[in-house]
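This report refers to the structure that appears directly beneath it.
The values are calculated or read from the model by the stated rules, or taken from the named source; none is laboratory data. As the structure is a computational prediction, the values presented were derived from the model and not from experiment. All Cβ positions, glycine included, derive from the backbone under ideal geometry; neighbour counts span all protein chains shown.
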Amino acid sequence: MRKGVVTLKATDSAIDAAKIMKKHRIGSIVVTADQKAVGIVTETDLAYKVVAGGMNPEKTPLNKIMSSPLKTTKADAKIAEVASLMREHKVKRVPVVDSEQRLVGIISDDDLISVFPDLVEVLIEDYKMHEFGDEASFVGVCESCGSYSETLLKSRGKFVCDECREEDEV
């Protein structure tokens with residue numbers, strides 16, 4: 001989750017949003033009213049609704065082009081839940097709100113992609129532990145000391161070398 005989300009009011013103009021997006025090199029602006037997230041305007045909204053729609057960007061308020069109601073999530077949501085929400089609603093960004101609908105951050109599809117390699121690694125390790133059991137030996141890097149080993153065994157939920165496993169047993 002990224003904190004410090006750039007926001008504008010529903011009465012601000014499309015040109016204001018475009019200038020802020022350019023300045024901050026971002027693809028969306030969360031629209032707020034009474035300190036609550038009420039919508040989102042993306043670069044696609046500006047291109048399709050304003051430019052291609054022939055609207056005047058200086059006179060078009062964000063509440064005329066924003067996506068609303070807003071699809072949001074809570075800070076403690078699981079990655080899979082956020083990914084499912086994005087896929088189900090075909091959105092690339094999901095604002096994160098607190099219990100009173102106040103904006104606390106935003107999660108983008110890029111954020112999910114950045115954690116994907118670590119997630120795959122965790123899934124593979126989980127599979128290995130369940131598929132091969134506690135006594136299976138693996139080749140790789142010890143999760144305790146970082147040394148290469150040809151005889152990694154699971155100890156206390158981690159794959160460790162002989163030396164680290166002996167230290168754990170003491």
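Check Tyr148, Tyr127 and return the single one that is at pLDDT below 80 and hydroxyl-bearing (Ser, Thr, Tyr).
Just a single option satisfies the conditions, and that option is Tyr127.
Filter segment 18-52 down to residues that are surrounded by 17 or more Cβ atoms within 10 Å (Cβ to Cβ), modelled with pLDDT of 95 or more and farther than 18 Å from Ser108 by Cα, then give me how many there are.
Adding up the residues that qualify gives 4.
Among the listed residues Thr73, Thr60, which satisfies the condition of being touching a residue at least 12 places away in the same chain (Cβ under 8 Å), within 23 Å of Lys3 (Cβ to Cβ) and surrounded by 12 or more Cβ atoms within 10 Å (Cβ to Cβ)?
Thr73
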